[in-house]
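Pasting a structure below so you can have a look.
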Ligand code: SF4
C-alpha cells in the first residue's frame, strides 16, 4: 500500500492567516506543470511497485488547474504507478474557483473525494480571514458538489476567531450538520510567523486572537460532533463511521508515500525526503531532468537518481544553494519519536504491543515507563496495551508527546 501527494503551489491571492507554501499568481503554472510531469515520471521507482491506494491533490489551490490539466496528471500517474481501482482520489478546492460544470468534470475524471476550504459560513469571519468567497457561495458549492455526484465531501472550518462568538460557531456547526457531510476538518486559528494576519494584529489593524475563544469553540465542537454521531479520530478531524481520510491516515500509520511538487514530502518506510520550497528551483531541476529523458530513447531513470536534480550553483554570491531534494535516514530513535508524535494525534493511539513487536522491547518498555506519571496526572489514558488522549487531553498533545520522546 502507498500514497501519492501532489502539491499545487498556486492561489488566486494570499489569505491573511496562511502559512503554507503557495504563490499568489499563476505566472509559472505552465512551467510548473512541465516539471511536475517530469518528476512523476522520473521518480516512478520510489514506491517500488507498491499499489497506490490514495492520491491527494493539495496546495495551494489545486482547483485552479483546469479539468484537462488534472486529467493529464491522473493519466500520467496511472501510466507509471499501479493505482488500485478503488483508490481514494482527493482534491482540495477553494469555493472561489468552483462551478457546477467544473465539479461535474472532476467527478467524471475519477476524483471521488473533495476537501473544500469553506472556513466559515459567515461573511464577517471570511472577511477577517481575507477569503475570496462569501457565505452564499460557500453553501452553493456544497449544493453543487452533491449535484455533481460527490458523496465523500469534507470541509474545513476555522474556530477561535475574534469575529465569531460561541453562537456563531454553533451556527457554523448547524449548517455543517444540516448538510450531513461525512467529514469535517476543524482547526483553531493560529498565528503563523510570516502570515499577513500576524503583522496586522501587531499593528493593531485587526482584533487579536484569544486562546480562550479557541478552547471554548473546541469544547463545543467535540460535544456537538459526538452528539451528531461523528468520530473524533484525529485532533482536527471528525468523520462518520468509516469515512476518515484514508490518505491522511496513511501518514499516521507509516505507509510509504511519494510527494510531488515544491515543498512536498516523501517517505519510503525508512527515510524522509522533501522537495525544495521554491517553484523556480523546482522547475529548473525537473525541467532539466525532462530534457535529459527526451534526449534518450530509453532513459535510465535509475542512473539519473535524485542527486542529479541538484541544480549547480550560479554565479550569484548572494544566492544560498540548497538541494532540490533533501533526504534524512531515520534512526530507530527517530522512528520511535515519529510514531509517538503521529499516533498520539489520533484516536488509535500508541499500540504498545505493536511497538514491542516491530521496534523492540527497549522502546515499548521506555514508552510504558514514561507514560505512567502522565497517566497518574490525568494527562494520558491507557486501555489495555493502548495509550491515547481523550478529547480534553488532545488539546495539550505537545507537552505529553515531548515527555514520551526518546531522550
Ligand atoms: S487558499 Fe489556502 S493555501 Fe491559498 S493562500 Fe489561502 S490558506 Fe493559503
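Calculate the spin-label point distance for residue 354 paired with residue 166, positioning each point 7 Å from the Cα along the beta-carbon direction, and give it in nanometres.
Roughly 3.7 nm, to one decimal.
Per 0.36 nm of contour for each residue apart, how much would the distance between residue 187 and residue 27 grow if the chain were fully extended, relative to their Cα-Cα spacing?
54.5 nm
Work out the FRET efficiency for residue 100 and residue 139 from their Cβ-Cβ distance, taking R0 = 22 Å, and round it to the nearest 0.05.
Once the sixth-power term is evaluated, E becomes 0.95.
For the chain, what is the mean residue ellipticity at 222 nm derived from helices alone (per DSSP H run of n ≥ 4: -39500 (n - 2.57); sum divided by total residues; nearest 500 deg cm²/dmol)?
-12500 deg cm²/dmol
Could you identify which residue out of 257, 336, 218 has the top mean-square fluctuation in a GNM of the chain using Cα springs shorter than 10 Å?
336
Cut-off 10 angstrom, C-alpha nodes, Gaussian network model of the chain. Which of 331, 236, 135 fluctuates the most?
It is 331.
Then there's this: Between rounded, prolate and oblate, where does region 71-131 land on the alpha carbon gyration tensor, with a ≥ b ≥ c its root eigenvalues, rounded for a/c under 1.5, else prolate if a/b exceeds b/c?
Cα axes put region 71-131 in the prolate bin.
Right, here's the next one. What nm distance separates the two modelled labels at residue 130 and residue 406, each placed 7 Å from Cα along Cα→Cβ?
For residue 130 paired with residue 406, the spin-label model returns 4.2 nm.
While we're on this one: Under 8 Å for C-alpha pairs, at least 6 residues apart: give me the relative contact order for the chain, rounded to a whole percent.
Answer for the chain is 16 percent.
Next question. Under a crude label model (7 Å from the Cα following the beta-carbon direction), how far is residue 146 from residue 68 in nanometres?
The answer from the label model is 3.4 nm.
In whole angstrom, how far apart do the alpha carbon centroids of region 64-123 and region 192-224 sit?
30 Å
log10 I(q)/I(0), Debye, Cα-only the chain, no solvent, q = 0.09 Å⁻¹?
Each listed q corresponds, in turn, to -0.60.
Could you tell me what percent of the DSSP beta bridges with both partners in the chain are antiparallel, to the nearest 5? Don't skip to the end; give the middle numbers.
On the way: 21 of 53 bridges.
If we restrict to bridges inside the chain, about 40 percent are antiparallel.
Further, regarding this structure: In terms of the Cα gyration tensor, with a ≥ b ≥ c the square roots of its eigenvalues, is region 332-404 rounded because a/c is under 1.5, prolate because a/b exceeds b/c, or oblate? Please list the in-between numbers first.
Values: a/c = 1.63, a/b = 1.48, b/c = 1.10.
Because a/c hits 1.5 or more and a/b exceeds b/c, region 332-404 counts as prolate.
For the chain, modelled as a GNM with alpha-carbon contacts under 10 angstrom, which of 88, 377, 30 fluctuates the most?
377
Computed FRET efficiency, Cβ-Cβ of residue 375 and residue 199, R0 41 Å: what is it to the nearest 0.05?
Using R0 = 41 Å, I get an efficiency of 0.45.
Any read-out appearing in this document is the output of simple, stated calculations on the displayed coordinates, not a laboratory observation. Note that the structure is a prediction, hence the values are computed from the model and not measured. Glycine also receives a Cβ, built like all others from the backbone with ideal geometry; neighbour counts cover every protein chain displayed.
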